[in-house]
Amino acid sequence: MLINIYFLVFRWWKDVGLGNRLSFARDRLVEYFFATGIVFKPHLGYCREELTKAFALVAIIDDFYHIYGTLDELNLFTSAVQRWDSNAMEGFPEYMKILYSALYNTTNEVADHIRREEGWDALPYLRKAWEDLFNAFLTETKWHYSSYKPTLEEYLNNARMSVSGCVLLVHASLLSRQRITKEALQCLETYPSLFLSSSEIFRLCNDLAISSVSDANFIIILLSYSEKTM
């Protein structure tokens, strides 16, 4: 079963060209397969497959926003995602077309699958999750370009989105094969506190992992702030 998912995702990875057509991309697909440990029940194979793709998209587009893309390119890409139109990538350089096409087609395929299997349209929720992620990425990049130092509250509010927890949890929720109620969908629009709190913990743990020993006290302050505001 796991081998089958590996081949499906590997074929997708080659078809969309993320690994072999982007000079800055981390062509290490196996790193994204920890999704198979998050969603482990046998009947959720499609969820594992699409969650692994989502992890890969997040990693590659994260590098685009924080390392490779110019600010003008990032603004164009973010606007194109908000439009969600196949024609939105006209005028893009080739590498941005590859990124946008991979995101656009993969997300539409997930929505089409849910529509066929369950009879409702999940695309608005998937789109919003991606839009919110890229807006958070763009905010971080603008801070960097302007040498702006956000307040702790500004940083954490944006970090809850930029760490990618919400977009991944939205995918997992929509592909869980459980009955999705109207109330649950309304909750997804603004993200439940479980999504936001776990994303904040994810961000702080990630910051701690890459920080020097001298930064440890600052991370403790962040965690203390997090406990007070949850």
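The values are calculated or read from the model by the stated rules, or taken from the named source; none is laboratory data. It should be emphasised that the depicted structure is a prediction, and the values quoted were computed from it without experimental measurement. Using ideal geometry, Cβ is built from the backbone for each residue, glycine included, and neighbour counts are taken over all protein chains shown.
Test ILE67 against the stated conditions and say whether it is surrounded by fewer than 17 Cβ atoms within 10 Å (Cβ to Cβ), under 24 Å from SER162 (Cβ atoms), of a type in the set (A, V, I, L, M) and at pLDDT below 95.
For ILE67, the condition - surrounded by fewer than 17 Cβ atoms within 10 Å (Cβ to Cβ), under 24 Å from SER162 (Cβ atoms), of a type in the set (A, V, I, L, M) and at pLDDT below 95 - is met.
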Completion exercise
Note: among GLU90, GLU49, GLU94, just one is within 24 Å of LEU175 (Cα to Cα), out of contact with any His (no Cβ under 9 Å at 6 or more places or on another chain) and surrounded by fewer than 22 Cβ atoms within 10 Å (Cβ to Cβ), namely GLU49
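Inspect all residues belonging to the range 24-46 and state whether any of them is within 17 Å of LYS97 (Cα to Cα), surrounded by 12 or more Cβ atoms within 10 Å (Cβ to Cβ), out of contact with any Pro (no Cβ under 8 Å at 6 or more places or on another chain) and not basic (Lys, Arg). Can you show your working first?
Of the range 24-46, the ones within 17 Å of LYS97 (Cα to Cα) are 24-25.
Imposing the further condition that a residue be surrounded by 12 or more Cβ atoms within 10 Å (Cβ to Cβ) reduces the set to 25.
Still in the list and also out of contact with any Pro (no Cβ under 8 Å at 6 or more places or on another chain): 25.
Okay, now just the ones that are also not basic (Lys, Arg), so 25.
Looking through the range 24-46, at least one residue is within 17 Å of LYS97 (Cα to Cα), surrounded by 12 or more Cβ atoms within 10 Å (Cβ to Cβ), out of contact with any Pro (no Cβ under 8 Å at 6 or more places or on another chain) and not basic (Lys, Arg).
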Exercise for the section: Please name all residue pairs, on different chains or six or more residues apart, with Cβ atoms under 6 Å, provided the first residue is in the range 121-144 and is farther than 18 Å from LEU76 by Cα and touching a residue at least 60 places away in the same chain (Cβ under 8 Å) and the second residue is among the acidic types (Asp, Glu) and surrounded by fewer than 18 Cβ atoms within 10 Å (Cβ to Cβ). Expected result: none
Problem - Enumeration of residues in the range 146-163 that are in contact (Cβ under 8 Å) with a residue 60 or more places away in the chain and closer than 10 Å to PHE195 by Cα - result: none
Fill in the blank from the handout: Contact list, first residue from the range 94-116 and of a type in the set (S, T, N, Q), second anywhere and surrounded by 15 or more Cβ atoms within 10 Å (Cβ to Cβ), beta-carbon distance below 6 Å, six or more apart or interchain, is THR106/LYS53; THR107/LEU126
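Test of understanding: among LEU126, LEU185, which residue is within 25 Å of ALA80 (Cα to Cα) and buried (at least 17 other Cβ atoms within 10 Å of the Cβ)?
Values: LEU185 fails: buried (at least 17 other Cβ atoms within 10 Å of the Cβ).
It is LEU126.
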Fill in the blank from the handout: Among SER162, SER173, SER199, the single one that is closer than 27 Å to THR36 by Cβ and at pLDDT 95 or above is SER162
Fill in the blank from the handout: Screening ILE60, ILE98, ILE5 for residues that are over 23 Å from SER176 (Cβ atoms), in a helix (DSSP H, G or I), among the hydrophobic types (A, V, I, L, M, F, W, C) and in contact with a Gly (Cβ under 8 Å, 6 or more places away or on another chain) leaves only ILE98
